[in-house]
Amino acid sequence: MANESSGDGTVTDVFAAFLGMDKAPSWGDSTDWQYWVIDTVKRHEAARGYDPHPIGMTMQFPVADQTKVNDPLLGSRAEWISPGYDDEIFAGGGHPMTPGSPPSRWYADPPVADDAKVVISDTDHYAPGQGDALWAWKSFLRGHHPILMDYGLIAGLEPAAESPAEAGVPPFSYYEPARWAMGDTRRYAERMGLIDMQPRRDLASTGYALVNPGSEYLVLQPDGDRFTVDLPAGTYQVEWFDVTTRETTSSDALNVEQEGAVEFSSPFPPGPAVIYLSRT
């Protein structure tokens with residue numbers, strides 16, 4: 001409908017000056033208007049017999065209560081949303097770029113997708129200027145669709161200056177791991193039976209897994225330590241992927257004789273790794 005359209009909040013005069021304004025304006029609340037447009041489009045498509053198009057609603061800015069920034073999105077009739085920073089640190093107001101703010105849960109440990117909405121997870125809405133390979137993998141394995149606000153290309157297709165002091169943003173190379181990781185998650189998504197897989201915290205000790213129980217398992221180990229995956233009896237093909245070097249290797253077929261937790265150790269210590277298990 002509109003990206004970062006106002007949600008009945010205000011900004012400080014300091015932030016208004018950052019935006020090039022003399023003082024903080026009153027922007028009002030776009031929620032009812034966005035809901036009206038969503039409903040109007042849906043009625044129009046239904047009346048014309050069109051196949052409905054998925055409609056999106058993204059984080060509003062500014063809002064009166066940052067911890068409730070996603071409530072209007074979840075309460076809408078939009079099929080997909082792009083959520084914002086809703087962590088408790090901002091109970092008294094603020095925004096994701098407040099100096100000293102901790103990483104948002106959407107960046108550091110994303111919530112599991114709950115089927116309520118398709119989530120387009122945009123770093124600009126909860127971690128402006130940030131983005132690495134682990135963020136992309138964590139978002140994907142929690143059932144979201146990660147997209148990067150790429151400040152390395154913000155000035156155009158030519159890479160920004162390598163010196164942050166010159167460009168005012170992180171250098172082009174800073175975002176390379178995130179760019180590669182988004183492509184890597186995409187390739188796994190195309191290989192797997194993704195429509196039958198669900199994000200599950202409980203089936204892997206790391207808490208990051210996309211699973212079709214008994215059939216396919218894609219599990220992230222963020223820190224390289226040993227971990228376990230709950231598997232039913234059967235034989236599984238084993239593939240490992242190094243998140244940092246992007247190297248892939250296969251192991252011998254795994255024969256699980258009895259259902260339970262199976263321990264794994266990455267062949268790429270000590271960095272993050274992904275294991276892909278497919279039952280034969």
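The values are calculated or read from the model by the stated rules, or taken from the named source; none is laboratory data. Given the structure is predicted, the values throughout are model-derived calculations rather than measurements. No Cβ is skipped: glycine too gets one built from the backbone with ideal geometry, and neighbour counts run over all protein chains shown.
Filtering the stretch 28-40 to residues that are under 19 Å from residue 116 (Cα atoms) and surrounded by fewer than 17 Cβ atoms within 10 Å (Cβ to Cβ) leaves only 39. Scanning the stretch 1-41 for residues that are within 15 Å of residue 55 (Cα to Cα) and in the same structural domain as residue 74 (by TED's automatic domain parsing) turns up 31, 33, 34, 35, 36, 37, 38, 39, 40, 41.
Go through the residues of the stretch 90-113 one by one and say whether even a single one is touching a Leu at 6+ places or on another chain (Cβ under 7 Å) and at pLDDT 90 or above. Taking every residue of the stretch 90-113 in turn, none turns out to be touching a Leu at 6+ places or on another chain (Cβ under 7 Å) and at pLDDT 90 or above. Give the residues of the stretch 41-61 that are surrounded by 14 or more Cβ atoms within 10 Å (Cβ to Cβ) and part of a helix (DSSP H, G or I), sorted by residue number. Answer for the stretch 41-61, where residues must be surrounded by 14 or more Cβ atoms within 10 Å (Cβ to Cβ) and part of a helix (DSSP H, G or I): 41, 42, 45.
Just checking, how many residues over the stretch 62-79 are within 19 Å of the chain's Cα centre (by Cα) and assigned to a loop (DSSP other than H, G, I, E, B)? Residues flagged as within 19 Å of the chain's Cα centre (by Cα) and assigned to a loop (DSSP other than H, G, I, E, B) within the stretch 62-79 amount to 4. Residue 5 meets the conditions (1) more than 28 Å from residue 110 (Cα to Cα); (2) assigned to a loop (DSSP other than H, G, I, E, B) in every case but one. The failed one is (1).
Of the listed requirements (1) surrounded by fewer than 18 Cβ atoms within 10 Å (Cβ to Cβ); (2) more than 22 Å from residue 254 (Cα to Cα), residue 214 misses just one: (2). With the requirement that a residue be of a type in the set (S, T, N, Q), within 24 Å of residue 187 (Cβ to Cβ) and touching a residue at least 12 places away in the same chain (Cβ under 8 Å), what does the stretch 225-264 give you? Residues satisfying the conditions are 237, 244, 245, 249, 250, 251. In summary, residue 208 fulfils each of the numbered conditions (1) under 18 Å from the mean Cα position of the chain (by Cα); (2) at pLDDT below 95 with the single exception of condition (2). Every residue in the stretch 231-254 that is surrounded by 15 or more Cβ atoms within 10 Å (Cβ to Cβ) and either hydrophobic (A, V, I, L, M, F, W, C) or part of a loop (DSSP other than H, G, I, E, B) (or both), please. Residues satisfying the conditions are 231, 238, 240, 241, 243, 244, 254.
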